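Have a look at the structure below before the remarks.
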Amino acid sequence: MGGGDAHPLSQNTGREPAWSIEKKMSLKSERRGIHVDQSELLCKKGCGYYGNPAWQGFCSKCWREEYHKARQRQIQEDWELAERLQREEEEAFASSQSSQGAQSLTFSKFEEKKTNEKTRKVTTVKKFFSASSRAGSKKEIQEAKAPSPSINRQTSIETDRVTKEFIDFLKTFHKTGQEVYKQTKMFLEAMPYKRDLSIEEQSECTQDFYQNVAERLQTRGKVPPEKVEKMMDQIEKHIMTRLYKFVFCPETTDDEKKDLAIQKRIRALHWVTPQMLCVPVNEEIPEVSDMVVKAITDIIEMDSKRVPRDKLACITRCSKHIFNAIKITKNEPASADDFLPTLIYIVLKGNPPRLQSNIQYITRFCNPSRLMTGEDGYYFTNLCCAVAFIEKLDAQSLNLSQEDFDRYMSGQTSPRKQESESWSPEACLGVKQMYKNLDLLSQLNERQERIMTEAKKLEKDLIDWTDGIAKEVQDIVEKYPLEIKPPNQPLAAIDSENVENDKLPPPLQPQVYAG
């Protein structure tokens, strides 16, 4: 099922390739830069295919074999544990039955009920680990097939276009194409009901589908290998365009967390220069500068693609631009030792979005033959190495002292600033002005960071002050509660009856005198 290998590498020499960064990307003592033995890119089982760090150094085929063996061992261990627990329960029950045979009927019924309950639990455990536990009842399957509003989402224009292209492509294979379309349709109808599974299990289902279809095409359909590859590419494009929304960077994984971590790491390494990585690329040459820009564009464009093969194509185009840039600079064909440091530099300079999510997506859902052989597999393996190197990059990797490395990482100084200070008077004025502007931008960035820090501190102080005032007001209100008194009674008329105080003299009465 694999295509021809565009980068013939020597077979594994017998020693186990180390996929750890410390061994895999060692520094040459005679040369500043990064070197990786090409044999260490291969599967550590010695099958000759490319390995992958996500598969612990195995290729896709060997990894699946190891995964199935580990899973079978786990199932066997769980089965033996369940049987041992059942035997212990039965022995304990038999012992208690013989020592307490003279108990009442009520207690015997209680023990019988308890035994039945334990037996039921053990039987349930056995059913869980049995092969038939994955298959649900007919009623459950029928309920699962019931249409759901969330599933019946509106099909995008791109999905319609890809589906039409897929059907047109299969028409050229007549009966074999009809069989492939039927299998693909059944797979897509089954996948929405597997979203409760982990992303690794969904990946396993997809890889099983790829393998089964490829084997049927080769054995039953008698399709030539080159046509099998083309058909598998179309199948991958069709199904992954539909599944992309649900399986790319799912919430159940830590892919997004890894994306943010590597993005933050690359931003912190913005000061790394090509000279530190021993990159054999001269960006002052217009053609080389153009190739570097194209390489960065391609690696960034990878995130906009939905099909794993299209993402791989972006990585391949990026890598070819790198090889061309090295060839123009050195005026000779580029070597693998020149390629990896330059790829690391391109990743640092481009800081591609969702880098880890894209790598994981390709690893999980790409047609495995593309990752195991050919130039796509070679370039993808190198990209994984580059990302792993960036994650572990330290002072020794860049031939720097730990003090300088810490100062650069903290932003206290910049290697470009030190280089600009040591320039001779004959240096190009344009280059001097460019680095002067870069220094000004770096200073502005530092000032902005300080302003943002002070602004956040001021915001926190204002919040604390507001909370303090509110608390003081609340304490005062609780200590001196407000009492509302009723309004005063109106004064009584002078000559009205005085009912409140009968001790007052009666009001004066008018007297009439005769004249």
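Excluding ligands and nucleic acids, what accessible area in Å² is computed for TYR244 using a 1.4 Å probe, to the nearest 10?
Its accessible surface works out to 40 Å², give or take rounding.
Counting only protein chains, not ligands or nucleic acids, how are LYS305, LYS457 ordered by accessible area (probe 1.4 Å), most first?
LYS457, LYS305
Cα-Cα over 32 Å: which of LYS436/LYS456; LYS349/LYS460; LYS245/LYS349?
Violating the 32 Å limit, Cα to Cα: LYS349/LYS460.
Going down the list LYS237/LYS311; LYS194/LYS311; LYS264/LYS392; LYS237/LYS305; LYS171/LYS194; LYS227/LYS320, which pairs span over 21 Å between their C-alpha atoms?
LYS194/LYS311; LYS171/LYS194; LYS227/LYS320
The values are calculated or read from the model by the stated rules, or taken from the named source; none is laboratory data. What you are looking at is a predicted structure, and each value in this text was computed from that prediction instead of being measured. Note: areas computed on protein heavy atoms with side chains; ligands, DNA, RNA excluded. Shrake-Rupley method; radii C 1.70, N 1.55, O 1.52, S 1.80 Å.
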